[in-house]
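Down below is the structure, laid out as structure tokens.
The values are calculated or read from the model by the stated rules, or taken from the named source; none is laboratory data. Remember, it's a predicted structure, so these values are computed and weren't measured experimentally. Positions of Cβ are generated from backbone atoms using ideal geometry, with glycine treated the same way; all protein chains shown enter the neighbour counts. Accessible surface areas use protein heavy atoms only, side chains included; no ligands, DNA or RNA. Shrake-Rupley method; radii C 1.70, N 1.55, O 1.52, S 1.80 Å.
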Amino acid sequence: MKKVFPLIVVLISLSVLGIMFIQMSWIRNAILMKHEQFEREMSNTLTQARDLLHDRYLRKQGNQFIRDQDSKEFLLIDFTSQKFSDSEIEQIISKSLTRNNVHQHFDYCIVNIFKYPLFKSENFPMQELGNAFSIRLTSDNATYQETLYLIVKEDKNYIIHQMGPMILASIIFTTIIILAFALTVRTMMNQKKISEIKSDFINNMTHELKTPLATISLAIDALTNNKVISEVDKVRYYSAMIREENKRMNKQVEKILQAARLEKQDIKLNLQKLDAHDIIRKVTDNLILQVQEKRGNIELKLYAPKHEIEADEVHFSNIIFNLLDNAIKYSKDDSLQIIVETENTGSDMLAIHITDNGIGMSKETQARVFEKFYRAHTGNIHNVKGFGLGLTYVKAMVDAHGGKVRVDSTLGKGSAFTIQMQLA
């Protein structure tokens, strides 16, 4: 999976880039084709304008019924645009442009062999003769050598407007492909994280269950020893060991089952009026031995004037236990200090702060600390026991009680969990 995932991302990225390149090339080629079409339209316009000028010239000379091409060419030897008025020439050019679906503003100029303008629209720039569309109005052997120049500004927006629907569709579909790619990569990354979490969970579960099983196996072997059977104290000792390890396994299994019930939202609360301070003291007393083993201390600052809440006694006790147990697990060696403090926030809320001076958490860990099975990486995966379910349970139970829980932590300095519960 580690090798396949980057390869898939690279292949999909190349595919998306390839599609985008093809789309851009297609749009560019389409614009070029539109430009070439515009030039053909202008060429046709000039040809038609010339033919219309010739036909009108022949009509002015009374030769409009001549159909023979050679005769026409002979009669056009003396053709000159000076037989027309400005308005006639402008009308003929406008008519030719309309026939070719060109509706932009135009400027024109007709010059003689010396480039002297015979006719010129008011805004025609003579310096742009070299850039204008042009056509000879007379043949090489004609008496007068005249050329028609026409300037029509190619409207880039017009071309884009003509292609607008296709360009818009291309952009929309390309965007959909990019979004689908991003969603696919995101889904794959999430699946990768889930796979890693699942592997960590299986490893931790195996380790947590293997240790008590090994202890029980050794205790049973000891009990089958003839020397041990004859000594009542040793039998009691190993029996108590088996009992304790069995309880430990039951607790681990219960945590997993509890997580399953949470996921199904199959938890029923037995709400009753409780003294939060009394619950905190009881839980603290149960954990004092673990704290003393670490040569630590738990300080209680239960100063909230109002401390009665409506909660489920078992689940509320587990909330406090899990938070304190978490502080003990992730403490520094021989320097554990935990402070449990209460205060009233507003008129109807009890805030419980559990602060420790442990190893703390990074910003990434704080963002994911309440996720199911998530455990902060602290080097050896088994150096802190557990399945990554304790804080998930805390969050779910606090939410079920209508409360809030948050964490503030600094890596290397410790963490502070705050629970807010509704007063009874």
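Quick one: which residue in N344, N322 is assigned to a strand (DSSP E or B) and of a type in the set (S, T, N, Q)?
Selected residue: N344, the only one of N344, N322 that is assigned to a strand (DSSP E or B) and of a type in the set (S, T, N, Q).
Any idea which residue in region 346-360 is most open to solvent (accessible area, probe 1.4 Å), counting only those that are at pLDDT below 90 and farther than 14 Å from G414 by Cβ?
Restricting to residues being at pLDDT below 90 and farther than 14 Å from G414 by Cβ, the top hit is S347.
Which of (1) modelled with pLDDT under 85; (2) over 13 Å from A327 (Cα atoms); (3) within 31 Å of the chain's Cα centre (by Cα) does N383 not meet, given it meets every other one?
Unmet for N383, out of (1) modelled with pLDDT under 85; (2) over 13 Å from A327 (Cα atoms); (3) within 31 Å of the chain's Cα centre (by Cα): (3).
In region 332-345, what residues are open to solvent by less than 30 Å² (accessible area, probe 1.4 Å) and either out of contact with any Gly (no Cβ under 8 Å at 6 or more places or on another chain) or closer than 30 Å to K193 by Cα (or both)?
Result: V340, T342.
Residue-by-condition table, conditions (1) open to solvent by less than 50 Å² (accessible area, probe 1.4 Å); (2) modelled with pLDDT of 90 or more:
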residue: E254; (1), (2): no, no
residue: L262; (1), (2): yes, no
residue: K282; (1), (2): no, yes
residue: G296; (1), (2): yes, no
residue: E299; (1), (2): no, yes
residue: P305; (1), (2): no, yes
residue: E308; (1), (2): no, yes
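Is there a residue being surrounded by 15 or more Cβ atoms within 10 Å (Cβ to Cβ) and modelled with pLDDT under 85 anywhere in region 122-136?
The answer is no, given that none of the residues of region 122-136 is surrounded by 15 or more Cβ atoms within 10 Å (Cβ to Cβ) and modelled with pLDDT under 85.
Just the residues that are more than 24 Å from F316 (Cα to Cα) and of a type in the set (G, A, S), please, taken from region 329-359.
S335
So which residues in region 293-314 are part of a helix (DSSP H, G or I) and in contact with a strand residue (DSSP E or B) (Cβ under 8 Å, 6 or more places away or on another chain)?
Result: E313, single match.
Any residue in region 90-102 that is under 21 Å from E36 (Cα atoms), modelled with pLDDT under 85 and small (G, A, S)?
Within region 90-102 (the criterion being under 21 Å from E36 (Cα atoms), modelled with pLDDT under 85 and small (G, A, S)), the answer is no, since none of the residues qualifies.
Does region 28-46 include one or more residues that are farther than 30 Å from A169 by Cα and of a type in the set (S, T, Y)?
Looking through region 28-46, at least one residue is farther than 30 Å from A169 by Cα and of a type in the set (S, T, Y).
Which residue pairs have Cβ atoms closer than 9 Å, lie 6 or more positions apart in sequence or on different chains, and pair a first residue in region 399-424 that is closer than 11 Å to A351 by Cβ with a second residue that is of a type in the set (S, T, N, Q) and part of a loop (DSSP other than H, G, I, E, B)?
Listed by first residue and then by second, the contacts come to L423/S347.
Across region 148-176, which residue is modelled with the lowest pLDDT among those that are under 22 Å from the mean Cα position of the chain (by Cα) and surrounded by 15 or more Cβ atoms within 10 Å (Cβ to Cβ)?
Only one residue fits best here, namely S170.
Can you confirm whether S317 is crowded, with 17+ Cβ neighbours inside 10 Å, assigned to a loop (DSSP other than H, G, I, E, B), on the phi < 0 side of the Ramachandran plot and of a type in the set (S, T, N, Q)?
no
Given the conditions (1) of a type in the set (G, A, S); (2) in contact with a Ser or Thr (Cβ under 6 Å, 6 or more places away or on another chain); (3) within 24 Å of M421 (Cβ to Cβ), and given that S347 satisfies all but one, which numbered condition is not satisfied?
(2)
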